[in-house]
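Report on the structure given below.
Read-outs: derived from the displayed coordinates by stated rules, not from any lab. This is a predicted model, so every value here is computed, not measured. Cβ coordinates were reconstructed from backbone atoms using ideal geometry, including for glycine residues, and neighbour counts include every protein chain displayed.
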Amino acid sequence: MIVVIIPTYNEASNISKVIKNVFCLNLKDLNILVVDDSSPDGTSKIVKKIIKKNKNLHLLINEEKKGLGKAYMVGMDYAINQLNAKVLVEMDADLSHDTKILPNMINYTKTHDLILGSRYIKGGSIPKDWAFHRKFVSYVGNLVFRFFFSWKINDWTTGYRVIKSKVYNKLKLELNEDMFLGYTFQVGFLYKAIKKGFKIKEYPLIFIDRKKGSSKFMGWNYIKNNLFFILKTKFKK
Ligand SMILES: Nc1nc2c(ncn2[C@@H]2O[C@H](COP(=O)(O)OP(=O)(O)OP(=O)(O)O)[C@@H](O)[C@H]2O)c(=O)[nH]1
Ligand SMILES: [Mg+2]
């Protein structure tokens, strides 16, 4: 079973379309799990309506907004324990992640444990019309992670990933810290997967900027949390 996990916070304008795009791929044994943090815009109501017509769609609602990492951890536990997932997919709800490349990414699970949709390899890209500060944070952030952790990975912060369940099972106890509740989850997960020797592949991703809904990306918080993670990892005794 493959479970595509889509974390949502106020994605009412995008959620139906992303669900449709994934199911249109007609992949065998594929379910979608939406993990919503009680979005005030009613995202979960829309998902509940679609569930009535589609038994391959599931919804988890967190009472509180505890961040992206927490949503993924809750979702991955549910996907593995309740839906018997062998492969997990991380995908944003805002249509930034091209679903058409998903079958090729999943195909690489034959030879790899973790497949990253990568914006910083040949064939991949970040949006041309991104504001300067977004480009700067993304590009320089990735350089910093490469410098401190590994030059072998080009896109450390991508949120489009195919992950064998065994990778999450191996890492989850180490990720159960406050530090990983937010966006730092992505970098922390990857760092720990490399350290454990899992096989990683990067696949080109042309990242499309969101057209609807608003970004939850908080620049300063993101930088602060990631710097804290680097310091803690690199300079602890
Ligand atoms: N459940 C949950 N989902 C979240 C939370 N924060 C963000 N998300 C979802 O995580 C995904 C990525 O968030 P975005 O706001 O698109 O962040 P981003 O892609 O880095 O930023 P943009 O490019 O500006 O969209 C989206 O599907 C969000 O709805 C959260 O606290 N809880
Ligand atoms: Mg986004």
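How many angstrom lie between the C-alpha centres of the range 146-179 and the range 9-68? That distance is 24 Å.
A crude spin-label estimate for the pair I206 and K234, with each label 7 Å from Cα along the Cβ direction, gives 3.5 nm.
As a rough guide to protection, the peptides 86-94, 215-223 ranked by mean Cβ packing within 10 Å, highest first, stand as 86-94, 215-223. Taking the C-alpha atoms only, the angle from helix 68-81 to the longest principal axis of the chain is near 60 degrees.
Tell me which of F145, Y9, L83 sits at the most positive position along the dipole axis of the chain, charges placed on C-beta atoms (Lys, Arg +1; Asp, Glu -1). Of the listed residues, the answer is F145. Using a/c under 1.5 as the rounded threshold, could you call the range 89-166 rounded, prolate or oblate? The axes a ≥ b ≥ c are square roots of the C-alpha gyration tensor eigenvalues, and prolate needs a/b larger than b/c, oblate otherwise. It comes out oblate by the Cα gyration axes.
Note: relative contact order over the range 1-46, using C-alpha pairs below 8 Å and six or more positions apart, is 60 percent.
With a simple spin-label model that places each label point 7 Å from the Cα along the Cα-to-Cβ direction, the separation between K152 and W220 comes to 3.8 nm. All other residues whose Cβ lies under 15 angstrom from that of S96 are scored, Lys and Arg at +1 and Asp and Glu at -1, for a net of +3.
Sorting R210, R119 by the number of Cβ atoms found within 10 Å of their own Cβ, with the fewest placed first, yields R210, R119.
With an a/c value of 1.5 or above and a/b larger than b/c for the gyration tensor axes a ≥ b ≥ c computed over the alpha-carbon atoms, the range 36-129 is described as prolate.
Shape class of the range 128-237 from the alpha-carbon gyration tensor: prolate, with a/c at 1.5 or above and a/b greater than b/c. Using the rule -39500 (n - 2.57) for each DSSP H run of four or more residues, divided by the residues of the chain, the 222 nm mean residue ellipticity is -12000 deg cm²/dmol. Roughly how tilted is helix 132-148, in degrees to the nearest 10 and between 0 and 90, from the longest Cα axis of the chain? Between helix and principal axis, roughly 60 degrees.
With respect to the chain, whose longest principal axis is taken over its alpha-carbon atoms, helix 219-235 is tilted by about 50°.
For every other residue with a beta carbon closer than 13 angstrom to the beta carbon of Y108, add +1 if it is Lys or Arg and -1 if Asp or Glu, then tell me the sum. After counting each charged neighbour, the total is +3. Fraction of C-alpha pairs exceeding 26 angstrom in the chain: 33 percent, rounded to a whole number.
Taking the number of Cβ atoms within 10 Å of each Cβ as an exposure proxy, the fewest-first ranking of F145, F198, F132 is F132, F198, F145.
Over all other residues within a Cβ to Cβ distance under 9 Å of S215, the charged ones net out to +2, with Lys and Arg as +1 and Asp and Glu as -1. Contact order, relative form, for the range 1-147: 28 percent (alpha carbon pairs under 8 Å, 6 or more residues apart, mean separation divided by residue count).
Remark: the range 2-235 carries a charge dipole of roughly 540 debye about the Cα centre, counting +1 on each Lys and Arg Cβ and -1 on each Asp and Glu Cβ.
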